[in-house]
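This report refers to the structure that appears directly beneath it.
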Amino acid sequence: MHPNPAFRPENNDESLAFAREAGFGLLAVANGDGAPMLSHVPFLVTGDGAAAELHLMRSNPIARACTAPLAARIAVQGPHSYVSPDWYGIDEQVPTWNYLAIHLIGRIEPLPDPDLPGILDRLSAHFESRLAPKPEWTMDKMSRDAAARMMRQIRPFRFVIERLDSTWKLGQNKPEAARLAAAEMLASHGQGQEVAVLAAMMRRPPV
């Protein structure tokens, strides 16, 4: 996370809401003296924001290592883009990168296999609901044998959220006119992902 407090919101409600909406992140677990184990995972933040539900392939190294609770974090990447110093319209600026990033910090815990169908149902319902008016996909559309074969390959997990860190680096440390000028240029010339969304965020920095 960026050390500048200007980019670190005190209220985490908006960051948690963004992570819940994104529903996808990079799960990281320590691996002794080696590099961390990483896995890209869909997840569902619970209604109270205390945990996230997810599943992993049984062959995933994290799933194999997680026979008991392990310290972990889930990094959620938001929109991001390069920012040219020429875009501010003021002197003595340097190139930078504006971005939104959220880290859910806590521990990952294995769950009993009977919990898996419920987690899969909640995950699919969460994302399918955004596709309305398309009829919602459910596990009932699979044969019992096919569903059983699939579920034998994966394991359910709970990620307990103990802390949340976030960076909303949107040019809040610049004069308003410079920030808005950069947002306009970024909207048309940004280099990154979801630059239009990032430009809109720069026009309205979070409180």
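The values are calculated or read from the model by the stated rules, or taken from the named source; none is laboratory data. Because the structure is predicted, anything quoted here is derived from the model rather than measured. Backbone-built Cβ (ideal geometry, glycine too); neighbour counts: all protein chains shown.
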Would you confirm whether any residue within segment 142-160 is in a helix (DSSP H, G or I), aromatic (Phe, Trp, Tyr) and touching a residue at least 12 places away in the same chain (Cβ under 8 Å)?
no
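Residues are listed down the side, and each one gets a yes or a no for (1) touching a strand residue (DSSP E or B) at 6+ places or on another chain (Cβ under 7 Å); (2) closer than 28 Å to Asp48 by Cα:
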residue: Asp91; (1), (2): no, no
residue: Ile108; (1), (2): yes, yes
residue: Leu111; (1), (2): yes, yes
residue: Pro117; (1), (2): no, yes
residue: Glu128; (1), (2): no, yes
residue: Ala147; (1), (2): no, no
residue: Pro156; (1), (2): yes, yes
If we keep just the residues of segment 5-60 that are surrounded by 14 or more Cβ atoms within 10 Å (Cβ to Cβ), among the small types (Gly, Ala, Ser) and not in a helix (DSSP H, G or I), which is modelled with the lowest pLDDT?
Ala30
If you go through segment 61-113 one residue at a time, how many are exposed (fewer than 15 other Cβ atoms within 10 Å of the Cβ), farther than 30 Å from Met185 by Cα and either touching a Cys at 6+ places or on another chain (Cβ under 6 Å) or touching a residue at least 24 places away in the same chain (Cβ under 8 Å) (or both)?
7
Any chance Ala183 is modelled with pLDDT of 95 or more, in a helix (DSSP H, G or I) and of a type in the set (A, V, I, L, M, F, W, C):
yes
Is there a residue in segment 117-131 that is touching a helix residue (DSSP H, G or I) at 6+ places or on another chain (Cβ under 8 Å), in contact (Cβ under 8 Å) with a residue 24 or more places away in the chain and surrounded by fewer than 16 Cβ atoms within 10 Å (Cβ to Cβ)?
yes
Conditions: (1) under 30 Å from Val83 (Cβ atoms); (2) surrounded by fewer than 16 Cβ atoms within 10 Å (Cβ to Cβ). Arg179 meets all but one. Number of the miss?
(2)
All conditions in (1) within 22 Å of the chain's Cα centre (by Cα); (2) closer than 22 Å to Gly23 by Cα are true of Pro117 except (1)
